[in-house]
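Here is the structure we will look at, set down as structure tokens.
Derivation of every value follows stated rules applied to the coordinates shown; laboratory data play no part. Since the structure is predicted, the reported quantities are computational estimates derived from the model, not experimental observations. Note that each Cβ is placed from the backbone with ideal geometry, even for glycine, and that neighbours are counted across all protein chains shown.
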Amino acid sequence: MRTQVAIVGAGPAGVLLSHLLAADGIESVVLETRSEEYVASRIRAGILEQSTVDLLTDIGLGDRLAREGDQHHGIYLQWPGERHHLDFVDLVGRSVWVYGQTEVQKDLVAAAHARSQAFVYEISDTALHDLETDRPSVTYTDANGASQRLEADVVVGCDGSFGPSRGAVPERVRRTWGRTYPYSWLGILADVAPSTDELIYAWHPDGFALHSMRSSSVSRFYLQVPNDTDVATWSDDRIWDGLATRLGHGQDGWELATGTITDRSVLPMRSFVQQPMRHGRLFLAGDAAHLVPPTGAKGLNLAVADVALLAPALTALLKGDAALADAYSDAALRRVWRCTHFSWWMTTMLHSNDDPFDRELQLSQLRWVASSRAGAAGLAENYAGLPIGF
Ligand code: FAD
Ligand code: DHB
């Protein structure tokens with residue numbers, strides 16, 4: 001098989017890239033180890049920043065988002081005895097939307113099928129070849145067990161943190177940075193109306209808690225837990241008691257409503273950056289190149305921002321102009337490092353540990369962010385997201 005762009009990974013980065021390229025008349029094939037249904041049902045991110053919503057709307061994928069997504073003007077920051085609203089629209093003139101990654105993925109895949117995008121699902125043994133030539137290829141075993149080779153002008157690694165693309169950049173060329181945090185998140189989805197109009201990020205001596213949502217009848221919650229926590233040690237009662245304590249049930253008359261838990265999992269927290277994001281005819285986008293801890297709600301938005309830069313760069317490259325492709329890695333990494341810092345900053349401000357000095361610093365930082373317009377605007381500008389191309 002031959003195509004112009006071989007895209008490894010059918011997550012949001014890969015499918016969105018295929019869509020942007022198709023709009024410019026560039027052909028691609030998307031390769032994926034999992035099934036279409038599996039990718040679409042993975043419960044992950046929930047917050048879209050302004051530039052992600054603008055991009056999806058501009059390319060004609062904003063209809064259901066406009067109907068079913070929920071625009072939020074800000075968030076609540078809280079610690080015991082205090083809850084403060086930060087109004088992003090007032091502070092920086094930008095907002096965010098609650099619209100799950102599952103829904104973004106469904107919209108992207110529906111649009112891809114409508115224009116007959118080529119996908120190959122349920123492949124194995126993915127390997128990248130000849131990336132330093134202008135005839136790179138990807139080999140794999142298809143769902144029937146047959147060996148296949150996809151030849152392309154360009155290969156794009158959108159295969160997340162476990163895929164082979166990042167490791168295909170030779171060690172002599174690549175540089176990586178990383179941090180593993182000493183805590184994880186226990187995430188749950190519950191059939192219960194949200195007990196809040198906007199997200200609550202709560203610092204508590206027992207550990208961080210986040211009240212998010214997916215719709216008027218489905219809520220999403222996260223609890224800070226130690227690394228290697230076995231989800232089976234958290235009964236429904238323990239989860240609801242932990243959330244009630246950390247989110248301040250009873251504080252100023254606020255109550256946490258509970259419901260049936262429909263999904264639960266433990267998510268490790270890592271920061272990771274690999275650069276450069278391009279080597280020869282291989283380009284990396286999304287989690288394949290970088291990971292952020294989820295506290296800043298940046299993972300999905302960063303993947304979208306990478307692809308928004310990459311699509312025009314590849315289109316120009318395939319038409320003979322390499323300037324944008326040559327600039328891609330540096331341009332993307334500028335935003336990646338901004339979001340890496342913001343995600344680290346939110347994470348270290350909000351997750352408690354046993355160190356009394358850290359605790360006082362965290363509370364001081366929270367009081368400053370919540371009470372100073374300059375402090376609040378800094379959080380708002382980063383959370384609502386900088387323009388693409390920042
Ligand atoms: P992915 O969505 O990971 O897509 C990569 C695709 O590549 C996958 O479909 C994978 O199956 C495929 N693939 C892997 N290996 C191969 C191979 N060898 N060959 C072919 N295909 C391959 N972000 C937030 O902002 N908030 C959250 O709450 C949040 N929760 C998360 C929970 C989890 C468990 C994870 C893993 C991530 C979470 N994220 C969250 C981050 C966010 O979901 C990601 O940043 C986003 O999915 C990145 O999109 P992507 O397309 O780059 O990668
Ligand atoms: C959600 C996840 C996040 O990481 C975050 O910061 C806010 C919301 C969510 O899944 O709804």
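Summary table below
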| read-out | value |
| --- | --- |
| Rounded to the nearest 20 debye, dipole of the chain from Cβ charges on Lys, Arg, Asp, Glu | 740 debye |
| Distant-in-sequence amide H partners of Ile75 (H built 1.01 Å from N, under 5 Å) | Leu86, Phe88 |
| R0 of 25 Å, Cβ-Cβ distance Thr57-Glu37: FRET efficiency to nearest 0.05 | 0.40 |
| Most to least packed among 210-220, 260-270 [average Cβ atoms within 10 Å] | 210-220, 260-270 |
| Gain in span if fully extended, Arg172 to Asp263, counting 0.36 nm per residue against the direct Cα distance | 28.5 nm |
| Euclidean distance between Cα centres, segment 4-42 to segment 90-139, Å | 3 Å |
| Ala374/Val218 FRET efficiency (R0 41 Å; Cβ-Cβ; nearest 0.05) | 0.70 |
| Student exercise, segment 1-109 dipole from Lys, Arg, Asp, Glu Cβ charges, in Debye to nearest 20 | 300 debye |
| Rounded to whole Hz, the Karplus (6.51, -1.76, 1.60) HN-Hα couplings of segment 3-18, x for glycine and proline | 8, 7, 10, 8, 10, 9, x, 10, x, x, 5, x, 6, 5, 4, 4 |
| The chain: angle of helix 356-371 to the longest principal axis, Cα-based, in degrees nearest 10 | 90 degrees |
| Per-peptide average of other Cβ atoms within 10 Å, ordering 310-321, 47-58 highest first | 47-58, 310-321 |
| Principal semi-axes in Å for segment 294-339 [√(5λ), Cα gyration tensor, largest first] | 24, 10, 4 |
| Estimated inter-spin distance, Thr229 and Glu255, nm [label 7 Å along Cα→Cβ] | 2.6 nm |
| Fewest-first ranking of Tyr121, Tyr183, Tyr99, using other Cβ atoms within 10 Å as the exposure measure | Tyr121, Tyr183, Tyr99 |
| Sites Ser116 and Asp321 - FRET efficiency at Förster radius 25 Å, r taken between beta-carbons, to 0.05 | 0.35 |
| Approximate spin-label separation Trp337-Arg149, in nm, with each point projected 7 Å along Cα-to-Cβ | 4.0 nm |
| Whole-number D in µm² s⁻¹ for segment 12-64, Kirkwood Cα-pair radius fed into Stokes-Einstein, 10 °C, 1.306 mPa s | 124 µm²/s |
| Additional length obtainable on full extension of the chain from Ser124 to Glu381, 0.36 nm per residue less Cα span | 88.4 nm |
| For His290, His19, His279, order by how many other beta-carbon atoms lie within 10 Å, fewest first | His279, His19, His290 |
| Packing-based exposure ordering (other Cβ within 10 Å, fewest first) of Glu360, Glu198, Glu68 | Glu360, Glu68, Glu198 |
| J(HN,Hα) series, segment 91-103, from Karplus relation 6.51 cos²θ - 1.76 cosθ + 1.60, nearest Hz, glycine and proline x | 6, 9, x, 10, 9, 10, 10, 8, 7, x, 4, 4, 6 |
| Globularity index of the chain, i.e. its alpha-carbon radius of gyration over 2.2 N^0.38 Å | 1.00 |
| Mean ellipticity per residue at 222 nm, deg cm²/dmol - from DSSP H runs of n ≥ 4 across the chain, formula -39500 (n - 2.57) | -11500 deg cm²/dmol |
| Length gained when the stretch Glu132-Arg179 is fully extended (0.36 nm per residue, less Cα-Cα span) | 13.9 nm |
| Angle between the chain longest axis and helix 323-350 axis [Cα atoms, degrees, rounded to 10] | 20 degrees |
| Charge dipole magnitude, Cβ of K and R +1, D and E -1 - segment 303-390, Cα centre, debye nearest 20 | 280 debye |
| Angle between the chain longest axis and helix 299-318 axis [Cα atoms, degrees, rounded to 10] | 20 degrees |
